[in-house]
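To keep things clear, I will list the structure first and then write my remarks on it.
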Amino acid sequence: MNHSIKAWFIRQSLDNSKRTIRIAVLLSLILIMGLSGNILFAFKWLGEWLLPEETSARIFTPTYDRIAEKSPHFIFDEDVMKLLPQTTEKRITWESVRDEFGSTDMAFIAFGNRAEPVFKNQQPQYAASLLASLWDISRALEELQEVDEVMSISTADRMDNDEGFLEISSLQPSRDLTADEVQNIEQYLDKLPSLKKRMVGRHGDYVNIIIKPQTDIDNNALRNKMVEIADRFLRDYETHYGGMPYLFGTLPTLILEDVLILMILGIGILITVLAVNFRSAHAVKLVWGMIVISLVSMMGFMGWIVTLTGSEKFHFTMVNSSMPIILMTIAAADGVHILTKFFRELRKRNHVGEAIRVTMDRLLLPVFLTSLTTITAFLSLIFAPIEQFTGYGVTISLGIAWAWLLSSLFLPAMIVHYKWDLKSKSVTHLSLIERIVSVYGRNIIRHQKAILALGVGIVFIAAFGIPFVKVEVDFTKFFKPGSEIRDSIDFMNQEMTGVMDIDIRVEGDLKSPDTLSKMQAIQEFVDSHSNVYSTFSIVDVIKQMHRTVMDDDPKFETIPESRSKVNNLFTLYSMSGDTDDFSSLIDYDYRTGLMTALMGNVTTTMIVEFVQDAEEMIQSVAGNDIKTTITGLLVIMRELVYLVVRSALISIVVSILMIFLISWIFFKKRLWALLAVTPLISAVILNFGLMGLFGVDLSHITAILSAIIIGVGVDFALHYIAQYRNISKSGIPTDSLTREVVEDVGYPIILDAVSNMGFGALLFSVFIPIQYIGGLLIFAMVSTSVGTLTILAIIAELMKEKLVN
């Protein structure tokens with residue numbers, strides 16, 4: 001850092017401290033205003049909770065809604081499609097299918113009583129009562145503006161033969177049924193197993209409601225209305241929910257609750273660590289104040305950029321759940337280094353002004369470098385193909401930049417204004433960690449080769465785990481077993497139709513028996529997969545119509561042999577029914593059809609293999625007559641696998657390369673740049689090696705780990721190198737150089753690493769990938785800090801002649 005720039009920072013923070021404090025607070029408030037809409041919504045919620053319902057609904061809520069909607073705010077979101085670039089082929093295909101056939105992501109409600117068959121000849125009144133409830137809830141759901149179609153026994157049609165003609169009528173003719181009507185429904189479902197699979201659970205004790213949402217709706221609104229209606233009509237039954245609209249609608253609330261809980265835990269851990277080691281309440285308050293301002297300013301920036309640009313990249317998703325804790329620990333690092341150095345200098349000089357001036361003179365460059373390299377590591381995420389990573393990287397980078405400005409200007413200005421007790425233990429006595437580091441500094445020289453060999457050996461062993469890293473992008477696996485949402489999803493997968501879908505768009509003459517036969521072959525192949533429970537397409541309708549007009553003879557449940565017969569079936573249907581009933585299966589011109597398969601209990605590995613097998617089979621069957629396109633959630637999951645791997649690799653390569661170049665530029669020696677990235681490369685190998693050895697999956701959540709580890713872990717190496725260069729220039733004998741450096745910088749490095757135990761709060765997240773991030777980050781902080789004070793320190797000791805000269 002240029003001497004004049006350094007002098008300007010010191011002058012502004014120490015000689016013009018009051019003005020600096022006022023400007024920092026004012027600018028922070030401007031950033032925080034980006035949260036004004038969210039703050040108003042919080043007040044609205046509080047008002048609805050405190051005020052009588054009528055008063056709130058008439059006066060309070062509408063007023064706040066009008067103001068809050070026009071105020072800057074950030075948006076909670078968890079639409080899996082927004083993880084894919086808008087220009088990617090899979091997203092374009094998925095959106096075109098939605099435009100053609102409507103939403104393909106279904107929501108599900110299953111209800112009944114375990115081990116209590118829906119249809120029971122001995123007690124038809126139970127089935128009648130259950131079907132009456134099904135009638136009520138189906139009608140209520142159909143009234144929702146977010147719902148396009150509701151599919152259940154109560155809304156389904158049946159086909160019957162009436163003297164050679166198709167008669168289309170309701171499967172459930174009325175709400176209240178007689179015993180004969182119940183038996184009639186049961187008999188009809190028994191002769192059509194494919195229809196029964198979709199409407200009744202695998203063991204016959206639950207009924208299923210399939211909800212097709214409108215496109216581009218608020219999943220949170222749909223989810224809340226689904227649950228409210230189910231609570232109203234299904235109190236006497238065990239109820240389960242499933243499907244991506246329900247899951248994505250539930251996630252925003254879970255994310256908000258998770259973030260708040262994690263922040264409280266992180267705050268507690270951080271304050272405890274700082275209080276024990278600083279032994280000064282004011283020092284803790286200074287660091288904590290800087291953290292809070294940085295954090296809230298970052299969230300406010302997120303609100304501003306969403307409001308001004310409307311970009312989906314800056315929506316707050318599950319990926320962002322770890323962001324507040326990560327910024328808290330990063331922002332604390334600069335404060336920890338400055339205050340520990342300040343106390344060390346205050347102990348020597350016994351004068352606050354001189355101590356903080358020397359501290360800032362020594363630390364402005366390393367603090368700037370650590371912030372710059374950390375920002376660089378996170379900005380590497382903008383090169384990742386997953387779009388939400390761009391918002392994550394840019395937002396947290398701004399938070400880090402603001403934390404750097406606060407630590408370089410606001411924090412020293414606040415330190416100057418406080419009257420420190422020069423006789424307090426925090427000033428006069430070494431802390432426990434300082435004493436341990438002092439002993440460590442003396443011993444590292446004695447056993448340098450053994451310590452280096454041990455460190456390299458551990459990294460080498462961990463590297464064997466890298467090939468075993470598995471990718472998992474299935475959202476349903478992100479929740480802990482035993483949690484309400486995981487149990488409900490598992491139930492839907494094991495007992496009902498499953499919640500994953502694969503959709504195959506077929507383009508051709510869909511009245512041609514040859515085309516329909518090929519479509520049937522594709523459907524039979526998909527249906528033969530052990531994890532596929534239900535498939536449906538226009539082929540099923542045609543076969544059912546053919547059987548019905550042929551006196552309901554099962555041997556005619558086939559595709560007719562001529563195009564004219566297929567056309568006649570549709571004509572017969574139109575006489576009694578409405579051909580718009582097929583709008584989600586086939587287009588108006590009978591040129592494009594959609595086949596959907598529902599499945600559950602699949603891993604990401606199964607998804608990749610299944611989609612690949614399906615693509616190969618379809619290619620062999622389709623020929624020149626039809627054109628097929630595969631889409632749906634399974635295909636999106638398969639695409640995410642590739643994006644996750646690419647994102648992780650890109651962030652690692654770009655961030656390490658940029659940190660190497662930055663270190664080379666500022667330290668003016670390529671060897672220092674190599675040493676700066678050595679602990680980082682070791683930490684990345686350890687991280688992914690442990691993931692492979694202990695079965696921790698790589699997902700679009702844990703893919704940001706490499707950027708976090710590199711961004712946070714580089715601080716230790718840069719502080720060590722900066723202090724090594726400073727002390728080496730002071731004329732100290734080279735024999736004691738490493739010991740002096742370790743004693744001087746070892747304590748803030750270890751304290752910084754210990755304060756980063758705030759990452760441990762992530763272990764209590766409701767999301768399994770966030771728990772993985774918490775555990776791996778704790779290990780990464782230990783490995784990078786210890787690696788700096790062992791591998792880096794020993795290599796520097798062995799090469800000191802080249803480094804000093």
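Here are the numbers for the structure shown:
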{"read-out": "Top-ranked residue in region 175-211 [being small (Gly, Ala, Ser) and within 28 Å of residue 222 (Cβ to Cβ); ranked as surrounded by the most Cβ atoms within 10 Å (Cβ to Cβ)]", "value": "201"}
{"read-out": "Counted residues, region 159-210 - those being more than 47 Å from the chain's Cα centre (by Cα), closer than 23 Å to residue 558 by Cα and outside any strand (DSSP E or B)", "value": "2"}
{"read-out": "Hits in region 644-658 - residues which are in contact with a Leu (Cβ under 7 Å, 6 or more places away or on another chain) and either under 16 Å from residue 368 (Cβ atoms) or of a type in the set (Ser, Thr, Tyr) (or both)", "value": "651"}
{"read-out": "Residue within region 511-531 that is within 20 Å of residue 627 (Cβ to Cβ) and of a type in the set (Asp, Glu) present", "value": "yes"}
{"read-out": "All positions within region 693-707 that are part of a helix (DSSP H, G or I) and under 26 Å from residue 379 (Cβ atoms)", "value": "702, 703, 704, 705, 706, 707"}
{"read-out": "Of all residues in region 485-506 being of a type in the set (A, V, I, L, M) and not in a helix (DSSP H, G or I), the one that is farthest from residue 238 (Cα to Cα)", "value": "506"}
{"read-out": "Those residues of region 757-785 which are hydrophobic (A, V, I, L, M, F, W, C) and open to solvent by 10 Å² or more (accessible area, probe 1.4 Å), in sequence order", "value": "757, 763, 764, 766, 768, 776, 778, 779, 782"}
{"read-out": "Close pairs (6 angstrom Cβ cut-off, 6 or more residues apart or separate chains): outside any loop (DSSP other than H, G, I, E, B) in region 133-158, charged (D, E, K, R) and modelled with pLDDT under 95 anywhere", "value": "135/175; 148/212; 149/212; 150/142"}
{"read-out": "Region 621-638, residues that are in a helix (DSSP H, G or I) and either buried (at least 20 other Cβ atoms within 10 Å of the Cβ) or without any contact (Cβ under 8 Å) to a residue 24 or more places away in the chain (or both)", "value": "633, 634, 635, 636, 637, 638"}
{"read-out": "Every pair of residues 6+ apart whose Cβ atoms lie under 6 Å, when the first sits in region 273-296 and is in contact (Cβ under 8 Å) with a residue 40 or more places away in the chain while the second is of a type outside the set (Val, Ile, Thr) and open to solvent by 20 Å² or more (accessible area, probe 1.4 Å)", "value": "279/425; 282/418; 286/414; 294/402"}
{"read-out": "Hey, residue 233 at pLDDT below 85 and more than 21 Å from the chain's Cα centre (by Cα) or not", "value": "no"}
{"read-out": "Residues (in a helix (DSSP H, G or I), of a type in the set (Val, Ile, Thr) and open to solvent by 10 Å² or more (accessible area, probe 1.4 Å)) located in region 708-744", "value": "727, 734"}
{"read-out": "Filtered residues of region 312-326 (kept if at pLDDT below 80 and open to solvent by 10 Å² or more (accessible area, probe 1.4 Å))", "value": "312"}
{"read-out": "Members of region 672-689 found to be open to solvent by less than 40 Å² (accessible area, probe 1.4 Å) and over 30 Å from the mean Cα position of the chain (by Cα), listed by number", "value": "672, 673, 675, 676"}
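Listed here are the residues, each with its yes/no results for (1) buried (at least 24 other Cβ atoms within 10 Å of the Cβ); (2) of a type in the set (A, V, I, L, M, F, W, C); (3) in a helix (DSSP H, G or I); (4) over 15 Å from the mean Cα position of the chain (by Cα).
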| site | (1), (2), (3), (4) |
| --- | --- |
| 288 | no, yes, yes, yes |
| 292 | no, yes, yes, yes |
| 295 | no, yes, yes, yes |
| 298 | yes, yes, yes, yes |
| 303 | yes, no, yes, yes |
| 328 | yes, yes, yes, yes |
| 333 | yes, yes, yes, yes |
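The values are calculated or read from the model by the stated rules, or taken from the named source; none is laboratory data. For clarity, every value in this text was computed on a predicted model and none was experimentally measured. Positions of Cβ are backbone-derived with ideal geometry, glycine not excepted, and every protein chain shown enters the neighbour counts. Just the protein is used for accessible areas: all its heavy atoms, side chains included, with ligands, DNA and RNA removed. Shrake-Rupley method; radii C 1.70, N 1.55, O 1.52, S 1.80 Å.
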